[in-house]
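Asks: My questions all concern the structure below.
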Ligand SMILES: [Zn+2]
């Protein structure tokens, strides 16, 4: 289940093919609950991939954004 108490809008939910607009930790929600929700790290400008099983029906929900180190002003 989604974590409780975290404000979220439809803008924070992404599907395969969408460009990652913010690096960070995303919760992955699979169709038909063929797999339990889990977290992944996605990096800015990549595209969210399709699931090997539920393909385009997987959804990515931004849990905690964090700037990728290589793009941070102190490290680039
Ligand atoms: Zn899946």
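Asks: Taking a ≥ b ≥ c as the square roots of the Cα gyration tensor eigenvalues, with a/c under 1.5 meaning rounded and otherwise prolate when a/b beats b/c, else oblate, which class fits the stretch 20-63?
Replies: Values: a/c = 2.79, a/b = 1.62, b/c = 1.72.
Because a/c hits 1.5 or more and a/b fails to exceed b/c, the stretch 20-63 counts as oblate.
Asks: Could the peptides 65-73, 38-46, 16-24 be put in order, highest first, of the mean number of other beta-carbon atoms found within 10 Å of their residues? Intermediate values should be presented prior to the final figure.
Replies: Numbers: 65-73: 11.6, 38-46: 13.1, 16-24: 14.9.
Most protected by this proxy first, the peptides run 16-24, 38-46, 65-73.
Asks: Related question: Strictly greater than 14 Å: what percent of every Cα pair in the chain meets that? It would help to have the intermediate numbers written out before the result.
Replies: Details: 1729 of 2850 pairs.
The share of Cα pairs beyond 14 Å in the chain comes to 61 percent.
FYI, it's all coordinate maths here, none of it is from the lab. All of these numbers come straight from a predicted model, not from anything done at the bench. Every residue, glycine as well, gets a Cβ built from its backbone with ideal geometry; the counts of neighbours run over all protein chains shown.
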